[in-house]
Amino acid sequence: MKLKDARHLSPSAQEALRYRVVNAVENGMSKSEAARVFKVSRTAVHHWTKTIASVGTKALKAKKRGRPKCSRLLPHQAATAVRLMEQKCPEQLNLPFYLWTREAVQQFLAERFNLSVSVWTVGRYLKKWSFTPQKPLRRAYEQDPRFCEAMVGNRIPRNLSHG
């Protein structure tokens, strides 16, 4: 049986199809027969009837499609976060971090605004707020500056010379 791909239908047409299928099942048609008549999968028919039974008719309504246009972080929350990140260290806000990392901002948003976002989303927020990641200095902290200066001048320090 060739099933109709209902994804190309408009949301209102999809909603009408769902209601027609559920009404047919409620009027005594079997789920398999309804799936064959309306050219949809039996799984979809079962899902729609089960959803109607548990949630009600509002479950079959057409919903807005696609990615949400707005951010989950409200503008005043974003302004507060930026202000606090510019003025305070995470330690001052009782966070277990020394620098503002993506994980630190993630935990800050969770504690302050009860907002759970991924680290990737935090990275997008930081980019939008013009915070750039800073690379640490590539320098060994254990190095001896006197030894380095001597090596630059091509002198061998006394403690390394033979004799």
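The values are calculated or read from the model by the stated rules, or taken from the named source; none is laboratory data. None of the values given here were measured: they were computed from a predicted structure. Heads up, the Cβs are rebuilt from the backbone with ideal geometry, glycines too, and the neighbour counts pull from every protein chain shown.
When we screen Val37, Val22, Val105 for residues that are surrounded by 17 or more Cβ atoms within 10 Å (Cβ to Cβ) and either more than 30 Å from Ser130 (Cα to Cα) or modelled with pLDDT under 90 (or both), the only hit is Val22. The C-beta contact set for the stretch 97-122 (first residue without any contact (Cβ under 8 Å) to a residue 24 or more places away in the chain, second residue among the β-branched types (Val, Ile, Thr) and part of a helix (DSSP H, G or I), distance under 7 angstrom, 6+ apart or interchain) comprises Glu103/Val119; Gln106/Val119; Gln106/Val122; Val122/Val105.
Among the numbered conditions (1) loosely packed, with under 13 Cβ neighbours inside 10 Å; (2) touching a residue at least 12 places away in the same chain (Cβ under 8 Å); (3) under 21 Å from the mean Cα position of the chain (by Cα), the only one that Cys70 does not meet is (2).
When Arg112 is tested against (1) exposed (fewer than 14 other Cβ atoms within 10 Å of the Cβ); (2) in a helix (DSSP H, G or I); (3) in contact with a helix residue (DSSP H, G or I) (Cβ under 8 Å, 6 or more places away or on another chain); (4) not acidic (Asp, Glu), just one condition goes unmet, and that condition is (1). Counting only helices (runs of 4 or more DSSP H) wholly contained in the stretch 17-91, the ones carrying 2 or more residues that are of a type in the set (A, V, I, L, M, F, W, C), outside the structural domain of Trp120 (by TED's automatic domain parsing) and more than 30 Å from Trp120 (Cβ to Cβ) occupy 31-38, 42-54.
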